[in-house]
Amino acid sequence: MDFIDISQESLLKIQGEYVEARSSSVIYKDFRTEPNECKSFTKKGVSLRIIDRNRLKSVHTDKLRSFDEILAHAPWVPIASYSLPSPITGEESPPEPLQLPVGLVTDILKNFSCHVTARLESLTVYEHICTNHGTDIYHGQSTLFVRIFETLMPGLTLVHFFSYPGESIKQKLESLDFHMNTFTDHTSLRPGMYDVVLSPHVTGMIFHEILHSFEGTEPTLKYPSFVSISDNPAAERLGGYAFDAEGCRASRTSLICNGEVTGCLTSILHPGDRNPTGNARSSFFDTEPIPRQSNIEVDINAGGLTEEELFETVGNGIYIDQIGQGSAFPGHITYFENMVSYCIEEGEVRNPVLGVAFGGNLPQVVNTIQYSGRHYETYPTVCWKDNQRLFTTMRAPPVLVRKMPLYISSKS
């Protein structure tokens, strides 16, 4: 992968308490079976950050030109504080871009009469990060994310998730089992209070949204004693990496332990009063690294029931299997809609319920968890923040929530 390189020698010529350069090359491919099209692009360039006397100067360029030229007209921005990482050196070979399994996916979809579409994405990143404090890192990774959309009836679309690292894409696709003609009827939701079983995917999404408040800050909230959460960027999963966008080594960070908040996700600048945790992430060279989640691991020790026991305990209620999308608002308020949900009748999952939505203060939702399941599943997802799009994963169990308010979704 060809990219614009930099050196520590060039950084030492720049006046500043801390000087950091990041040269990166990104290859992205996106294939969709409906409409049948493939988009791809390569983006490469250099970003430069200088900290001096509580001021920050940040510039980026995709042209080969001197640092003096791009720094000449860049403004200084005041900063409160910062925390330097320990210097690291190392060099990896550029990763090979992963090939999208388009042929395999399209051949599989031809065998089914139901409405099935797919989206395949690959991302290959190679970076050189160096600083005037001794960091000199070459690192990169190739990832693959596949989603199969299976529409069972209007308003009900299941999504099958596969990712690399983390899974054998070919093996998963070849063993894919669709729900063809499983459901012949559906019901509409009446808004109200319901006993609800949330799948591992939905539990993970709830905590994913909650943990946005841990990105650069440490909340003062308390959680049930049976909840513990950590962020693990070093995991061999879709959201994993060896070094972050500031050259810090990736490591596990405990965020909640037995209900108590134990930390937050930090970078050099966010916040500056604690050591970086290796969670500075950036989509491209021309976007600023900010604290972001990678792979979250949610541990809930509340009963450890089987999935069948969760449904039997509810008796009659709602099972929410997947979330389509969520919208976050200030004050820990999040609204989820476009979900895949089913009736639970006499302890068994029945026909789909269309138009289910829920939301509100998510920490309060967590406080109403009565039981958790004993099996854990990991789901990949795409996360947007500050116009930056990144891959992450969520590992969580199913849970049972009593008297949860459900609404009618505005989207089908």
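Each value in this text was obtained by applying a stated rule to the coordinates, not by laboratory testing. Owing to the predicted nature of the structure, the values given are computational and were not obtained by experimental measurement. Heads up, the Cβs are rebuilt from the backbone with ideal geometry, glycines too, and the neighbour counts pull from every protein chain shown.
Projected label points at Ser188 and Lys222, each 7 Å from Cα along the beta carbon direction, are separated by 4.4 nanometres. For the stretch 277-315, there are no residues whose amide N sits under 11 Å from a probe point set 7 Å from the Cα of Ser81 along the beta carbon direction. Here the calculated FRET efficiency for Ser58 and Asn301, from their Cβ-Cβ distance with R0 = 45 Å, stands at 0.55, rounded to the nearest 0.05. Springs join every pair of Cα atoms under 10 Å in this Gaussian network model of the chain, and among Gly315, Gly263, Gly140 the largest mean-square fluctuation is at Gly315. Each of (i) 54; (ii) 22; (iii) 25 is a candidate for percent of Cα pairs over 39 Å apart; the one calculated from this structure is (iii). Taking the DSSP beta bridges with both ends in the chain, the antiparallel portion is around 90 percent.
For the chain, the longest principal axis of the Cα atoms and the long axis of helix 200-210 meet at an angle of about 50 degrees. From helices alone, the chain scores -3000 deg cm²/dmol at 222 nm; the rule is -39500 (n - 2.57) for each run of n ≥ 4 DSSP H residues, then divide by the residue total. For Lys39, the aspartates and glutamates whose Cα comes closer than 15 Å to its Cα, not counting residues fewer than 8 places off in the same chain, are Asp30, Glu121. Taken one residue at a time, the phi angles of the stretch 232-245 give Karplus couplings (6.51, -1.76, 1.60, θ = phi - 60°) of 10, x, 7, 5, 7, 9, 4, x, x, 6, 7, 9, 8, 6 Hz. Gly and Pro are set to x. In this rough spin-label picture, where each label sits 7 Å from Cα along the Cβ direction, the Arg402-Thr151 distance is 4.1 nm. As a rough guide to protection, the peptides 227-233, 265-271 ranked by mean Cβ packing within 10 Å, highest first, stand as 265-271, 227-233. A crude spin-label estimate for the pair Ile88 and Ala74, with each label 7 Å from Cα along the Cβ direction, gives 2.3 nm. Net charge in the neighbourhood of Gly239 (other residues with Cβ under 10 Å of its Cβ; Lys, Arg +1, Asp, Glu -1) is +2.
Around the Cα centre of the chain, unit charges on the Cβ atoms of Lys, Arg, Asp and Glu (plus for the first two, minus for the last two) sum to a dipole of about 780 debye.
Cut-off 10 angstrom, C-alpha nodes, Gaussian network model of the chain. Which of Glu121, Glu337, Glu377 fluctuates the most? Residue with maximal mean-square fluctuation among Glu121, Glu337, Glu377: Glu377.
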